[in-house]
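Here's a structure for you.
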Amino acid sequence: IWITLILLGLWVMNFGEPQHLQYLELYRNNIKGRIPKELGKLKSLVSMDLYENNFEGEIPNSLSKLKSLKRLNNNRLTGSIPRELTKLSNLKVL
């Protein structure tokens, strides 16, 4: 699963946004490391479930670009919640 997340980040960096990706569900996989900031380029994303993993660090500010995002389930992260996320009017679950 971690390789999938890395490859998705590389895909976004090199080829642009996967046009129809709306749901990214990578929960309960013991993924470690930081959430890639490149995920902020997935403009069609509605739901990103990353809970019950071992992500470290802060939520990337780049996720504030996901205007359609309704759910961002994370845990075990450190730091403050980016102020930019307060501008996401569709965000219902954080």
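The values are calculated or read from the model by the stated rules, or taken from the named source; none is laboratory data. Nothing here was measured: the structure is a model prediction, and the numbers come from that model. Because the Cβ atoms are built from the backbone with ideal geometry, glycine has one as well, and the counts that use them run over all protein chains shown. Each accessible area value is taken on the protein alone, full model and side chains, heavy atoms only, with ligands, DNA and RNA left out. Shrake-Rupley method; radii C 1.70, N 1.55, O 1.52, S 1.80 Å.
Tally time: how many residues in the range 31-58 are on the phi < 0 side of the Ramachandran plot and open to solvent by 20 Å² or more (accessible area, probe 1.4 Å)?
13
Please verify whether ASN90 is in a loop (DSSP other than H, G, I, E, B), of a type outside the set (Phe, Trp, Tyr) and at pLDDT 85 or above, treating the condition exactly as stated.
yes
Find all pairs meeting these conditions: Cβ atoms under 6 angstrom apart; at least six residues apart or on different chains; first residue within the range 74-94 and closer than 19 Å to PRO36 by Cβ; second residue open to solvent by 80 Å² or more (accessible area, probe 1.4 Å).
These pairs meet every condition: GLY79/GLU58; PRO82/ASN61; GLU84/ASN61.
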